[in-house]
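S.K.: Let me begin by handing over the structure; questions about it come next.
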Amino acid sequence: MNKNMALSLLRKYCQGATNVDIDLTDAEDFQNVNSKVLHDGCKYRSLKIREGYRSESMLNDTCKPLYTTDTSVSDITANSKCLKTLHLLNCSELTNAALSAIAINAKMLEELVLEDVYHLNNSGLIEVAQGCPALRTLAVKLSKQSFEEPFVGVSPIGDSTLQAIAELCKDFESLTLNGPYIDVSDDGMDNLAEKCGSKLKCVQIESNDKITSKTVESLAAHCNNVAALALQSIMLKITDSLLHKINTTWPNIKVLHLWNCDDISQNAIDAFASTEHSELEELMVTNFNLNGAALEQLFLQNPKIQTLFIQNHTNSISSDSFTKTLVGLADKNSSLINLDILFSKLSLTKEQMQELATAYKRINLSLCKGSIVTHTDIIDLKKQFPKLNISCW
């Protein structure tokens with residue numbers, strides 16, 4: 001489809017639309033397409049724009065696909081005073097000027113998602129908090145790819161942003177900060193937890209080197225309705241007492257990601273696996289030593305698990321026990337879709353993978369690559385089970 005045809009279709013069918021999702025991932029030749037598509041006739045309540053990553057050939061002065069610019073964001077928000085949801089994904093040329101426009105124009109904004117919008121810092125996000133008091137969700141996701149040359153000198157996003165949100169956004173409930181240049185600390189999180197209290201439902205902070213167990217303690221003390229918790233920090237070590245606190249404070253948690261679980265005892269793991277989490281859908285843990293009995297209890301007590309990611313370099317479960325446990329529980333865990341078991345000493349045979357694929361009709365299976373399963377075996381399995389997705393590390 002060429003540009004003119006795309007614009008014609010968008011104008012014909014999107015005139016007057018209030019909820020629009022635009023994917024420009026493969027639209028390298030659509031110069032300034034947003035300024036044509038997102039014209040003054042549209043008053044958006046929800047707008048999601050995704051652009052593609054810039055290739056090397058697009059980094060020179062003669063070829064810059066500026067689909068979404070600070071100016072276009074200003075125009076869009078000025079015309080959409082009732083805008084409540086705004087996602088800007090891979091919009092690489094945006095700066096704090098776009099955030100200023102959002103703060104000035106989008107007073108009713110409740111959800112802001114910024115993915116690989118890397119020319120921003122605390123001051124721009126503070127403006128958003130000041131101008132958008134109805135903000136409930138902020139997600140800033142920065143991939144490592146975005147910080148390769150020539151994109152350098154990015155300012156950190158830190159505690160001053162959290163302070164502004166805590167003081168100004170009274171209904172704030174979801175924070176996601178992922179990637180390099182995330183510089184929040186325990187102090188910032190303690191302030192946010194205390195001010196938001198039971199309204200805070202989601203905290204996901206990854207690739208951070210300042211968050212410690214104090215953040216978990218603060219959240220447990222002030223925020224009893226957390227449904228999603230994902231904390232990745234080299235300074236955060238999960239202990240028996242911390243796992244017990246998570247287990248007892250948030251029994252209805254839906255998403256739980258915990259890294260650095262080396263110090264957890266087998267008794268604590270068994271206790272966690274044996275506790276019912278009726279709403280748990282996604283569990284990701286590293287160095288979490290699940291034996292066969294604990295794995296069985298985990299699935300029996302958590303029937304809604306859709307995604308299970310366990311990484312361990314010293315596992316104590318055999319491939320036979322692993323396969324028999326999961327296959328035996330298939331009827332009770334039909335919701336399981338994504339299974340990532342990265343045990344360095346766990347190598348499933350082709351026959352064992354066939355058993356899993358037969359038991360779980362729609363499963364993404366990711367395993368440490370072993371000598372037992374060959375590349376040819378994987379190809380054969382994918383032909384036999386079209387919905388099976390296998391990747392080996």
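S.K.: Work out, step by step, the length gained on full extension between ASN224 and ILE379: first 0.36 nm times the residue separation, then minus their alpha carbon distance; give nm to one decimal. It would help to have the intermediate numbers written out before the result.
M.R.: Working: separation 155, 0.36 × 155 = 55.80 nm, distance 4.66 nm.
Result: 51.1 nm gained on full extension.
S.K.: Provide the packing ranking of 279-286, 378-385, i.e. peptides ordered by the mean count of other C-beta atoms within 10 Å per residue, highest first.
M.R.: So the order, starting with the most tightly packed, is 279-286, 378-385.
S.K.: Determine how many Å³ per residue the convex hull of the Cα atoms of the range 91-250 encloses.
M.R.: 94
S.K.: Which of rounded, prolate, oblate describes the range 252-333, given a ≥ b ≥ c as roots of the alpha-carbon gyration tensor eigenvalues and a/c under 1.5 marking rounded, otherwise prolate only if a/b is larger than b/c?
M.R.: Oblate, because a/c is 1.5 or more while a/b does not exceed b/c.
S.K.: How charged is the neighbourhood of ILE238? Take every other residue with its Cβ under 14 Å from the Cβ of ILE238, and add Lys/Arg as +1 and Asp/Glu as -1.
M.R.: -1
S.K.: Moving on. How long are the semi-axes of the equivalent ellipsoid of the range 253-393, defined as square roots of 5 times the Cα gyration tensor eigenvalues? Whole Å, largest first.
M.R.: 24, 17, 13
S.K.: Taking the Cα centre of the range 253-393 as the origin, how large is its charge dipole in debye, to the nearest 20, when only Lys and Arg (+1) and Asp and Glu (-1) carry charge on their Cβ atoms?
M.R.: 540
S.K.: Can you list residues from other chains, or at least 5 along the same chain, whose modelled amide H is less than 5 Å from the amide H of GLU206?
M.R.: Amide H to amide H, under 5 Å and 5 or more residues apart or across chains, GLU206 pairs with LEU177, ASN178, GLY179, GLN232.
S.K.: Take the Cβ-Cβ distance between HIS244 and ASN79 as r, set R0 to 41 Å, and report the resulting FRET efficiency rounded to the nearest 0.05.
M.R.: The formula returns an efficiency of 0.20 here.
S.K.: Order of 89-99, 237-247 by packing, highest average Cβ count within 10 Å first?
M.R.: So the order, starting with the most tightly packed, is 89-99, 237-247.
S.K.: With each label point set 7 Å from Cα along the Cα-Cβ vector, what nm distance links ASP331 and SER391?
M.R.: About 3.3 nm separates the two model spin labels.
S.K.: What order do you get for HIS277, HIS257 when you list them from fewest to most C-beta neighbours inside 10 Å?
M.R.: With the fewest neighbours first, HIS277, HIS257 line up as HIS257, HIS277.
S.K.: Could you name the aspartates and glutamates in cross-link range of LYS387, using Cα to Cα under 15 Å and dropping any fewer than eight places away on the same chain?
M.R.: Cα-Cα hits under 15 Å: GLU355.
S.K.: If you place +1 on the Cβ of every Lys and Arg, -1 on the Cβ of every Asp and Glu, and leave all else neutral, what size is the dipole of the range 136-290 about its Cα centre, to the nearest 20 Debye?
M.R.: My answer is approximately 320 debye.
S.K.: Determine the gain in length on full extension of the stretch SER123-THR95; use 0.36 nm per residue of separation and subtract their C-alpha separation, reporting nm with one decimal. Intermediate results must be reported in sequence, preceding the final value.
M.R.: On the way: separation 28, 0.36 × 28 = 10.08 nm, distance 1.09 nm.
Full extension of this stretch gives 9.0 nm more.
S.K.: What is the distance, in nm, between label points placed 7 Å from the Cα along the Cα-to-Cβ direction at THR358 and at LYS199?
M.R.: Calculated label separation equals 5.4 nm.
S.K.: While we're here: Below 10 angstrom from the Cβ of SER218, what's the summed charge of the other residues (Lys, Arg +1; Asp, Glu -1)? Please list the in-between numbers first.
M.R.: Values: positive: LYS214; negative: ASP186, ASP187, ASP190, GLU194, GLU217.
Spelling it out: positives minus negatives among the neighbours equals -4.
S.K.: Considering only the other residues whose Cβ falls under 11 Å of the Cβ of ILE253, what net charge follows from Lys and Arg at +1 and Asp and Glu at -1?
M.R.: After counting each charged neighbour, the total is -1.
S.K.: Could you pull out the pairs from LYS361/LYS383; LYS195/LYS237; LYS201/LYS361 whose alpha carbons sit more than 23 Å apart here?
M.R.: In this structure, LYS195/LYS237; LYS201/LYS361 exceed 23 Å between Cα atoms.
S.K.: Next question, about the same structure. The range 157-178 to the range 260-308: how many Å between their Cα centroids?
M.R.: 30
Just so you know, all these numbers are worked out from the coordinates, no wet-lab data involved. Bear in mind the structure is a predicted one, so any value in this text is a computation, not a measurement. Every residue, glycine as well, gets a Cβ built from its backbone with ideal geometry; the counts of neighbours run over all protein chains shown.
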